[in-house]
Structures are given as C-alpha cells and as structure tokens.
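Participant: Okay, handing you the structure first.
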C-alpha cells in the first residue's frame, strides 16, 4: 500500500512537472520562440567555445549539461533542422526522466520519503535559465522589429553576455607580409566607453591566456596582411578565463606610450618607417618587454559633479619630471580649454621595474601635478589608484562605476561601463 502511494506521488510529481513546463512555454509568445531562446543561445555559446550552458531544471547548482549543443544537433537530425517545437518536447521528456533518476538515487540513499521529496523538488523547481534568458524571446522580437524598421533587415546577432569583463588589447606592427606583437595592455578603467587608465602589460592574466591573446591578434594581422601599426582589442571574461574579439583599431592609440615604455620602441617612428614602404626592421624574438607602465588621462572635468566639463583658461600648469616619468600635453599657463572638443589635457605616463614601483611612482607624480583655472580629474586618479582592488590588479570594466558609487559622487553620469568601447583609445 505504501509503495502504491509512493508511486502515485511520483506520478503526480512528474505530471505536475510536465504541466508546469507546458504552461511556461504557453505563457511565452510562442513555443518555437522559447526553443529558439534555448537553441540559438546554445549554438552561439558553442561558437564562442563556452560549454557551461545549463539545459536542465534538476538541482541547477549541481547539475549542468555542457553537451546541450549535441542534444540540439541530435534533435535536428531526427526531427528536422529548425524544428524547435520538437526540441522543447524532447527536452521536457529528458528533464522529467532526470527528475525520476534523481528520485531513485535519493530513495536508494535515504529512503522512500526522501526519494519522493527529491522527485517533487526536481519536477517543480524553476528553470535554470536566468531572467535574461527567460525574456530573451520577447526582447529578440523587439530587436528584430527595430532592425527591420531601421535597416530593412530583421536579422540580429546574439552575443554572449559577460557579467565581469576586462578590456585587454594587443599592439601589432606589420609590413603587409609579416606581423609581430609588442605586448598587451589593460584598458578596463573606462567611463562611457572612454579609457581613463591604461597599463602594460595587463596585470593578473594567466600566462596561457596571455599567450593565446597575443597569438590570436597576430593570426588576425597575418590573415589581413596588416600593414602599419594597429591594435586588436578583446573582451576578457573574468569568470571563464576566455576572451572574445571586439575590434581592430587601425591607427596609433592614445595609450601607446605605455607600450613604448616597456618595449623601448618608438611606435610613431616604426609606423612612419612602414608607411614609407619599408619592411619590418624588428623580429619578434628581438622584442623585449620589461617592467611595467601606467598611463592616466587627465581631463578638464569636475569628477565630483557628474564629470561636468570645465572649460576656461588654465592659470597654472606644472607637471612632474624625473626617471620613469613622461608627460604628453599641449597645455601651459594661459591655454584656453574650449567647450566644444575632447576634454583631454594631458597624459601622465610612468614606468617602473615592476607594477608596485610603477604605482608608487604614479602616485608621487600625480601629487606633483598642478593645473589651475579649470577642474581636473587628477584627484580622482590618485584616489582610484590607491584602492585595494586597483592595487591588487585586474579590475573589470565596472570598477570605476563601483568606485564612484562608494564615494557617492559622479555616478549619476557614470553610465553603464562596458569593455566594448574605448572609442577615443
């Protein structure tokens, strides 16, 4: 009798689980849309070599199904490519079978009541897909409608969402036949896609990941037969130790001095040499990257008042000098800061034998910078570089926003920080 009751309980749990799943898909715009939500997302993740996608509802913190793309391919092979409704049904059956197996395991280990409780919990627990995945079908429809209205083409790209990312880039130099790299840089401290602090090399990167980044950049440059100086920018996923391509900046960048500091090369001179039709005069093996360098961009902005622009006349302009210190600037006492252009006043670049020495040198150099007549970001840099997270190294692109919020200033205009920017880089 007790065994029969347990059987009824199991049956009720599996039926309830099936009904909940069907209700879930019915409440969404279309069954195919929800299957598309799972299917194309999984396919996109495979394309990015990420295998952490969860496609089951059984104890989401313990069970993951990295083989979901294979499951999707098998369904398409049996039911036809694009038959997402069949995928939904098969996935539901697989999920419920998993619930039953989990119940059997719990019963074997802890008894009949534990098994019944486990199968009910597994059958009715929420989907492991997070909220952003659940609403993907609706937002995808909206995005496609907007794309169709604006461009006459409803096709859209689906990209991985990176919760914690770093903006890391690799400096390239090529002559159209041969391409070499000159190391990497970290440009993750950004506001509104504009880089504020850059350093070379990028701190706290696993050696294998750093090597892969550089190899990928060089491979791209060779494929393009790149000629000149350029930068390949990547988004590094801090949680997965993976990286994704962002863009190529086919020019010299604002932050190039940090690469010059650790390589000992004059990048502008090398760029001109190539532009004159010459071949590379540097071998990859001869590039020696030593020490560490940091650059702070000093802008005419009041960082305590939502980074309000601060045009006006500069009354004082005093910059530090000494070993390992470089200042690139166009201003002096009497210079006019107009309201119509970029607010960059100067770049303060320091280098040291290692990162701690470079950080100490930068703090000292910032303390000796004096610019009067307009508000500047000098004090912000000094405070930012003194935080534990920055001292440790490797903050992500959201760190500046966090820094401003903790101080209760400037965050209103900080906006959402992203590693996909650096448009003034």
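Any read-out appearing in this document is the output of simple, stated calculations on the displayed coordinates, not a laboratory observation. Just so it is clear, the model here is predicted, and its values are computed rather than measured. Quick reminder, even Gly has a Cβ in these numbers, built from the backbone with ideal geometry, and neighbours come from all protein chains shown.
Participant: Per residue and in Å³, how big is the convex hull formed by the alpha-carbon atoms of the stretch 221-298?
Facilitator: Per-residue hull volume (Cα only) is 145 Å³.
Participant: How far apart, in nm, are the 7 Å Cα→Cβ label points at residue 382 and residue 290?
Facilitator: Each label point lies 7 Å from its Cα, and together they span 3.2 nm.
Participant: At q = 0.24 Å⁻¹, what log₁₀ I(q)/I(0) does the stretch 297-389 have when each alpha carbon counts as one equal point scatterer in the Debye sum?
Facilitator: Debye output, listed in q order: -1.24.
Participant: Suppose a student asked you for the relative contact order of the stretch 165-413, using Cα pairs under 8 Å spaced at least 6 residues apart; what percent would you report?
Facilitator: Relative contact order comes out at 21 percent.
Participant: By per-residue mean of other Cβ atoms within 10 Å, what is the highest-first order of 186-193, 154-161?
Facilitator: Highest mean packing first, the order is 186-193, 154-161.
Participant: Which whole number in µm²/s is D for the stretch 255-342 by Stokes-Einstein, with the Kirkwood Rh taken over Cα pairs at 20 °C and 1.002 mPa s?
Facilitator: Translational diffusion coefficient: 131 µm²/s.
Participant: Here is a further query. Report the Cα-based extents of the stretch 165-413 along its three principal axes, largest first, to the nearest Å.
Facilitator: The Cα atoms of the stretch 165-413 stretch 50, 42, 34 Å along their principal axes.
Participant: Okay, next question. By per-residue mean of other Cβ atoms within 10 Å, what is the highest-first order of 254-260, 363-369?
Facilitator: Most protected by this proxy first, the peptides run 254-260, 363-369.
Participant: Moving to a separate point now. Relative contact order of the stretch 157-223: what whole-number percent is it, with Cα pairs under 8 angstrom and at least 6 residues apart?
Facilitator: The normalised contact order for the stretch 157-223 reaches 29 percent.
Participant: Please work out how much length the chain gains when fully extended from residue 209 to residue 18, using 0.36 nm per residue of separation minus the C-alpha to C-alpha distance, in nm with one decimal. The partial results should precede the final answer.
Facilitator: Values: separation 191, 0.36 × 191 = 68.76 nm, distance 4.33 nm.
Length difference between fully extended and current span is 64.4 nm.
Participant: Here is a follow-up. Would you mind listing how long the stretch 189-326 runs along its three principal axes, going by Cα atoms, in whole Å with the largest first?
Facilitator: Principal-axis extents of the Cα atoms in the stretch 189-326, largest first: 48, 41, 28 Å.
Participant: Still on this structure: For the stretch 230-302 and the stretch 355-408, what is the separation of their Cα centres, given in Å?
Facilitator: The two parts, judged by their Cα centres, are 22 Å apart.
Participant: State, as an integer percentage, the relative contact order of the stretch 158-274 based on alpha-carbon contacts under 8 Å between residues 6 or more apart. Could the numbers behind the result be given before it?
Facilitator: Numbers: 215 pairs, mean separation 35.1, N = 117.
Relative contact order of the stretch 158-274: 30 percent.
Participant: Over the stretch 171-252, what portion of Cα pair distances is larger than 17 Å, expressed as a whole percent?
Facilitator: 47
Participant: Another one. Label points 7 Å out from Cα along the Cβ direction at residue 223 and residue 150: separation in nm?
Facilitator: 2.6
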